[in-house]
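The values are calculated or read from the model by the stated rules, or taken from the named source; none is laboratory data. Note that the coordinates shown come from a computational prediction; the quantities given were computed from them, not determined experimentally. All Cβ positions, glycine included, derive from the backbone under ideal geometry; neighbour counts span all protein chains shown.
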């Protein structure tokens, strides 16, 4: 039996809104959906008239709907915004290459300029290569950290006032839960803000903050928007999955809990006596960071030195790793021959295996990273203490050394640094 | 296995899957955790009256045991409180068991029916006996039973809190002990967040609930469920298992989730509890403490300060879901104004009923509101000027 639309417009309802439980017809749903986002934008004071806005476009449902909606509302309510699309190519085969095609389709459909930046160009590594190094665990750390900075770089290139991202209500609720589970108090504090960005950085805004994922999917479906709907091939191992599973189960019992979680995040705050990291500028690349050197630089350094775990886990561990690395280097330089034959015989097999594995990374490392490193170096006078001490990419010669040494790194990773010369 | 503490080789207690203790060291350690929690916070003066709330579950049975041990000591370590026990009656077997337990230790326990929440008079029941059932008051539970499971569980916690405080006043206690353990506190933190009570976690999950003059203290907040089980086993305590929470609710779901995750990530519960310790109320809300308090849970009302919140966004969603687009559709810049005109009729009772209405009348409506994501009973103070602010900025 058909249900009449709740607004009394006379049409039959086609869907029941997950957010409020009201049954609406297509037209009324469109109107409600769009008006809500308009309300969020105006009440939240997200944009100023005449701003240039970059829409972070992945080709997925959220960013596609965001681009479509912003274009629609921009015309309907005369925001006077200059909209453009900004995409990041992480270099994930079977995922991003396909989704970028969708973004190009959006570019043509919505008549917006599109800028694509790739990890390969920015960092010298594609995600595929990174995953080959780091494995299936923790790779989301790299992707997330690099993308955050890549968006900043892209926005700076496009000279926009702000970046609009397609984070929806489900994403934000999920992040709140995840930050509680991980005890990440600093992120918990800012993850519900509708607009983030401190002085001197390009703010990010989330116009879909209060929009349910389900409604976005339905909107895209009824409007027949073209979007790409494959999960990232590397995502299933992420810790976020636990929070997502919990949220999905909770939503089934009580759909309003998504908004309630966001409300909780908005109304609670961190006690004053708790010290939080302050946001500043990375001394190496000049982008936002909570540390002297930003995470992206640390991760990249780790990749380039063949210590991919460098930026993962505690900083004390990273220090130790760098010290070990440094020690190995000293050893090389002083031409001290290894005398430790006992250990060598034990691990010689492993070393040979590892050495052959590392050949690939060595090639890619010494090639691409050199250009990247020199690029970064140009922009920076200050170099962080940590990296200053161990930074190998300051001159072309040391870069070469880095490439040569990458074999040794891995044998060191196996716990025996002195065995390498004999292994060969 | 060798005890981590005393090197005794008869260790039977394995905690966190890696640490072995002998029974003696373990009991000492648990006692210490309980005492340290009270001692560190220097709350009590000597021989303070404390209302100890017993639910009959594992936690409360251990709490009873810890208190009676503490009182028995004769040295400087003696627990210097004057405990009075209270049990909220919901089930015959449990109430009888609690009375029996208390008699064993020569303690006095008052058993109060949960329906007492609705009664305006205060009758202190006979100690150590089941209360007589009042036919009229029993309806209360039926009213609440009509609530959705999640809201019922939430309301039930608030009812218990109100009753604890009510009887603490009657029995001249300034402090209340409850028996939550780390695991249950971690779950309730997540539940609180899921119910929009994020700003209340400091009082709901922390060591002390400061909302009333009578303080609710959680002296077992550092003791884990694992430790409870060993304690019960070693002391051979008799437990009657029962579960207050209604199934198919967020609270039960979250409980299961936390214990599952704890299996694979053993630091989950302690991380969540540490997070809870660092959370407070948004500072701009902390100032207007004076008289805007929720009648039910005594939390400070979050008065909107013009910022857009999820609550406003939800309300707006309800409004637009009831409007015909034709009324406003094309190129109308005043959409927000029109919506705002309708806003006050949307929740006619949310400001009035939630906080001023007499208890008896308000209950059903409150339940409905609770399930509508309007947990915090925020009155509508929206300033009409403020609503158009974004709009004006657009135009200028």
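What are the residues in region A:232-265 that are under 19 Å from residue A:144 (Cα atoms) and free of Cβ contacts under 8 Å to residues at least 12 places away in the same chain, if any?
Result: A:236, A:241.
May I ask you to verify whether residue A:94 is part of a loop (DSSP other than H, G, I, E, B), more than 24 Å from residue B:315 (Cα to Cα), more than 9 Å from chain B (Cβ to nearest Cβ) and modelled with pLDDT of 85 or more?
no
If you check residue B:191 against the conditions, is it crowded, with 24+ Cβ neighbours inside 10 Å and modelled with pLDDT under 85?
So residue B:191 does not fit the description; no.
Look through A:69, A:55, A:88 and report the one residue that is in contact with a helix residue (DSSP H, G or I) (Cβ under 8 Å, 6 or more places away or on another chain) and farther than 16 Å from residue A:114 by Cα.
Checking each option against the conditions leaves just A:69.
Please work out which one of (1) at pLDDT below 80; (2) within 17 Å of residue B:169 (Cβ to Cβ) is the condition residue B:77 fails and give its number.
(2)
Looking only at region A:1-48, which residues are free of Cβ contacts under 8 Å to residues at least 40 places away in the same chain, assigned to a helix (DSSP H, G or I) and either surrounded by fewer than 18 Cβ atoms within 10 Å (Cβ to Cβ) or over 33 Å from the mean Cα position of the chain (by Cα) (or both)?
Listed by number, the residues that qualify are A:27, A:28.
Please work out which residue is nearest to residue A:284 (Cα to Cα), limiting yourself to region A:106-131 and to residues that are more than 18 Å from the chain's Cα centre (by Cα) and crowded, with 16+ Cβ neighbours inside 10 Å.
Restricting attention to region A:106-131, the residues satisfying the condition of being more than 18 Å from the chain's Cα centre (by Cα) are A:106-114.
Now narrow it down to the ones that are crowded, with 16+ Cβ neighbours inside 10 Å: A:106-107, A:110, A:112, A:114.
Details: A:106: 35, A:107: 34, A:110: 38, A:112: 33, A:114: 28 Å.
The selected residue is A:114.
With (1) in contact with a strand residue (DSSP E or B) (Cβ under 8 Å, 6 or more places away or on another chain); (2) without any contact (Cβ under 8 Å) to a residue 40 or more places away in the chain; (3) outside any helix (DSSP H, G or I) as the list, and residue A:107 as the residue in question, which single condition is left unmet?
Against the list (1) in contact with a strand residue (DSSP E or B) (Cβ under 8 Å, 6 or more places away or on another chain); (2) without any contact (Cβ under 8 Å) to a residue 40 or more places away in the chain; (3) outside any helix (DSSP H, G or I), residue A:107 comes up short only on (3).
Can you find a residue that is within 27 Å of the chain's Cα centre (by Cα), at pLDDT 55 or above and either surrounded by 14 or more Cβ atoms within 10 Å (Cβ to Cβ) or at the interface with chain A (Cβ under 10 Å from one of its Cβ atoms) (or both) anywhere in region B:322-333?
Taking region B:322-333 and keeping what is within 27 Å of the chain's Cα centre (by Cα), we get none.
Checking region B:322-333: not a single residue is within 27 Å of the chain's Cα centre (by Cα), at pLDDT 55 or above and either surrounded by 14 or more Cβ atoms within 10 Å (Cβ to Cβ) or at the interface with chain A (Cβ under 10 Å from one of its Cβ atoms) (or both).
Which one of these is over 20 Å from residue B:218 (Cβ atoms), touching a residue at least 60 places away in the same chain (Cβ under 8 Å) and touching a helix residue (DSSP H, G or I) at 6+ places or on another chain (Cβ under 8 Å): B:26, B:34?
Numbers: B:34 fails: over 20 Å from residue B:218 (Cβ atoms).
After applying the criteria, what remains is B:26.
Given (1) more than 10 Å from chain B (Cβ to nearest Cβ); (2) without any contact (Cβ under 8 Å) to a residue 40 or more places away in the chain; (3) in a helix (DSSP H, G or I); (4) touching a strand residue (DSSP E or B) at 6+ places or on another chain (Cβ under 7 Å), where does residue A:70 come up short, assuming only one miss?
Residue A:70 satisfies every listed condition except (2).
Which members of region A:1-37 meet the condition of being touching a helix residue (DSSP H, G or I) at 6+ places or on another chain (Cβ under 8 Å), closer than 23 Å to residue A:70 by Cα and more than 7 Å from chain B (Cβ to nearest Cβ)?
A:18, A:26, A:29, A:30, A:33, A:34, A:37
Have a look at A:301, A:251, A:292 and point out the one that is under 22 Å from the mean Cα position of the chain (by Cα) and part of a helix (DSSP H, G or I). If you could, list the steps in order and put the result at the bottom.
Values: A:251 fails: under 22 Å from the mean Cα position of the chain (by Cα); A:292 fails: part of a helix (DSSP H, G or I).
Going through A:301, A:251, A:292 in turn, just one is under 22 Å from the mean Cα position of the chain (by Cα) and part of a helix (DSSP H, G or I): A:301.
Taking region A:176-221 only, how many residues are surrounded by fewer than 20 Cβ atoms within 10 Å (Cβ to Cβ), within 13 Å of another protein chain (Cβ to nearest Cβ) and touching a helix residue (DSSP H, G or I) at 6+ places or on another chain (Cβ under 6 Å)?
Counting residues in region A:176-221 that are surrounded by fewer than 20 Cβ atoms within 10 Å (Cβ to Cβ), within 13 Å of another protein chain (Cβ to nearest Cβ) and touching a helix residue (DSSP H, G or I) at 6+ places or on another chain (Cβ under 6 Å) gives 2.
So in region A:273-287, with the set limited to residues that are touching a strand residue (DSSP E or B) at 6+ places or on another chain (Cβ under 8 Å) and either surrounded by fewer than 20 Cβ atoms within 10 Å (Cβ to Cβ) or at the interface with chain B (Cβ under 9 Å from one of its Cβ atoms) (or both), which one is nearest to residue A:180 (Cα to Cα)?
It comes out as A:276.
Just checking, does region B:143-150 include any residue being within 14 Å of chain A (Cβ to nearest Cβ) and in a helix (DSSP H, G or I)?
The answer is yes, given that some residue of region B:143-150 is within 14 Å of chain A (Cβ to nearest Cβ) and in a helix (DSSP H, G or I).
What number of residues within region A:226-248 are over 20 Å from the mean Cα position of the chain (by Cα) and either at pLDDT 90 or above or under 29 Å from residue B:260 (Cβ atoms) (or both)?
Summing the residues that are over 20 Å from the mean Cα position of the chain (by Cα) and either at pLDDT 90 or above or under 29 Å from residue B:260 (Cβ atoms) (or both) in region A:226-248 gives 4.
Which helices (runs of 4 or more DSSP H) does region A:116-233 wholly contain that include 2 or more residues that are more than 29 Å from residue A:22 (Cβ to Cβ)?
Because the criterion is at least 2 residues that are more than 29 Å from residue A:22 (Cβ to Cβ), the helices (runs of 4 or more DSSP H) in region A:116-233 that meet it are A:119-123, A:127-134, A:139-158, A:169-182, A:185-190.
Tell me whether region B:172-186 contains one or more residues that are within 12 Å of another protein chain (Cβ to nearest Cβ) and touching a residue at least 60 places away in the same chain (Cβ under 8 Å).
Looking only at region B:172-186, we keep the residues that are within 12 Å of another protein chain (Cβ to nearest Cβ), and these are B:186.
Remaining after also requiring touching a residue at least 60 places away in the same chain (Cβ under 8 Å): B:186.
Checking region B:172-186: at least one residue is within 12 Å of another protein chain (Cβ to nearest Cβ) and touching a residue at least 60 places away in the same chain (Cβ under 8 Å).
Could you tell me whether residue B:199 is touching a strand residue (DSSP E or B) at 6+ places or on another chain (Cβ under 6 Å), within 14 Å of chain A (Cβ to nearest Cβ) and under 30 Å from residue B:309 (Cβ atoms)?
yes
Taking region A:243-272 as the search range and keeping residues that are more than 7 Å from chain B (Cβ to nearest Cβ) and in contact with a helix residue (DSSP H, G or I) (Cβ under 7 Å, 6 or more places away or on another chain), which one is nearest to residue B:248 (Cα to Cα)?
My answer is A:251.
Scan (1) assigned to a loop (DSSP other than H, G, I, E, B); (2) surrounded by fewer than 22 Cβ atoms within 10 Å (Cβ to Cβ); (3) touching a residue at least 60 places away in the same chain (Cβ under 8 Å) for the single condition residue A:59 breaks and write down its number.
All conditions are met except number (2).
Which helices (runs of 4 or more DSSP H) does region B:205-300 wholly contain that include 2 or more residues that are at pLDDT 85 or above, within 14 Å of chain A (Cβ to nearest Cβ) and in contact with a helix residue (DSSP H, G or I) (Cβ under 7 Å, 6 or more places away or on another chain)?
Counting at least 2 such residues, we get B:250-264, B:268-277.
More than 10 Å from chain B (Cβ to nearest Cβ), under 28 Å from residue B:192 (Cβ atoms) and crowded, with 18+ Cβ neighbours inside 10 Å: is that true of residue A:240 in this structure?
Considered against the rule, which asks whether it is more than 10 Å from chain B (Cβ to nearest Cβ), under 28 Å from residue B:192 (Cβ atoms) and crowded, with 18+ Cβ neighbours inside 10 Å, residue A:240 comes out as yes.
Whether any residue in region A:313-323 is assigned to a helix (DSSP H, G or I), surrounded by fewer than 18 Cβ atoms within 10 Å (Cβ to Cβ) and within 14 Å of chain B (Cβ to nearest Cβ) is what I want to check. Give the derivation first.
First pass over region A:313-323, keeping only residues assigned to a helix (DSSP H, G or I): A:315-323.
Subsequent filtering for residues that are surrounded by fewer than 18 Cβ atoms within 10 Å (Cβ to Cβ) retains A:315-317, A:319-320, A:323.
From what is left, the residues that are within 14 Å of chain B (Cβ to nearest Cβ) are none.
Taking every residue of region A:313-323 in turn, none turns out to be assigned to a helix (DSSP H, G or I), surrounded by fewer than 18 Cβ atoms within 10 Å (Cβ to Cβ) and within 14 Å of chain B (Cβ to nearest Cβ).
How many residues, within region B:196-210, are in contact (Cβ under 8 Å) with a residue 40 or more places away in the chain and more than 12 Å from the chain's Cα centre (by Cα)?
Matching residues across region B:196-210 total 3.
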